1. Just a yes or no: is a residue in region 99-110 outside any loop (DSSP other than H, G, I, E, B), open to solvent by less than 20 Å² (accessible area, probe 1.4 Å) and out of contact with any Gly (no Cβ under 6 Å at 6 or more places or on another chain)?
2. I'm trying to understand the selection: among the residues of region 1-34, which are over 14 Å from Leu101 (Cα atoms), more than 13 Å from the chain's Cα centre (by Cα), surrounded by 14 or more Cβ atoms within 10 Å (Cβ to Cβ) and not hydrophobic (A, V, I, L, M, F, W, C)?
3. Test of understanding: among Asn52, Asn96, which residue is out of contact with any Pro (no Cβ under 9 Å at 6 or more places or on another chain) and open to solvent by less than 70 Å² (accessible area, probe 1.4 Å)?
4. Checking Tyr37 against (1) among the hydroxyl-bearing types (Ser, Thr, Tyr); (2) open to solvent by 50 Å² or more (accessible area, probe 1.4 Å); (3) within 11 Å of the chain's Cα centre (by Cα), which test does it fail?
5. Among the residues of region 55-71, count how many are among the acidic types (Asp, Glu) and open to solvent by less than 50 Å² (accessible area, probe 1.4 Å).
6. Might you let me know whether region 103-110 holds any residue that is of a type in the set (D, E, K, R) and under 14 Å from Ala35 (Cβ atoms)?
7. Looking at region 66-94 only, could you name the residues that are in contact with a strand residue (DSSP E or B) (Cβ under 8 Å, 6 or more places away or on another chain) and at positive phi?
Amino acid sequence: QVHFAESGGGLVQAGGSLRLSCVASGIIFRTSAFAWYRQAPGKQRDLVGFINTGGGTNIADSVKGRFAISRDNGKNTVFLQMNSLKPEDTGVYYCNRPRGLTVDWGQGTQVTVSS
């Protein structure tokens, strides 16, 4: 069974940075694509971006230029580097497979950006 364990969230002031990590298990990591999602309070879960097996990424327009996704195949870990954070980036961040391939969700990691 695939399992995702997200970490690295916290409380940060606007303009600050955070680096989220996601360790995936129960999956052949190096041949899998992954995605980051976020869910703001009272809103649906939205796609932040994804990374393919070769390390290529596609980032949502709302965070393009501020967020970056990377992966470490040796550690079965996907990263989300978030810079220039804004209050509207507040939410619970999850990693999973890309849309249409998602499996059971992990608990996510809470990111709170204060103004």
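1. Narrowing region 99-110 to residues outside any loop (DSSP other than H, G, I, E, B): 109-110.
With the extra rule that they be open to solvent by less than 20 Å² (accessible area, probe 1.4 Å), the set shrinks to 109.
Among the residues that remain, those that are also out of contact with any Gly (no Cβ under 6 Å at 6 or more places or on another chain) are: none.
No, that holds for no residue.
2. Matches in region 1-34: Gly16 only.
3. Result of the check over Asn52, Asn96: Asn96.
4. (2)
5. 0
6. No - not one qualifying residue is present in region 103-110.
7. Asn76, Gly91
Every residue, every condition in (1) closer than 19 Å to Thr109 by Cα; (2) in contact with a Gly (Cβ under 6 Å, 6 or more places away or on another chain), yes or no:
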position	(1), (2)
His3	yes, yes
Gly8	yes, no
Ser32	no, no
Tyr37	yes, no
Ala40	yes, yes
Gly55	no, no
Phe67	yes, no
Ser70	yes, no
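The values are calculated or read from the model by the stated rules, or taken from the named source; none is laboratory data. All figures in this text were calculated on a predicted structure; none of them were measured in a lab. All Cβ positions, even for glycine, are placed from backbone atoms using ideal geometry, and neighbour counts span all protein chains on display. Surface accessibility is based on the protein's heavy atoms, side chains included, excluding ligands, DNA and RNA. Shrake-Rupley method; radii C 1.70, N 1.55, O 1.52, S 1.80 Å.
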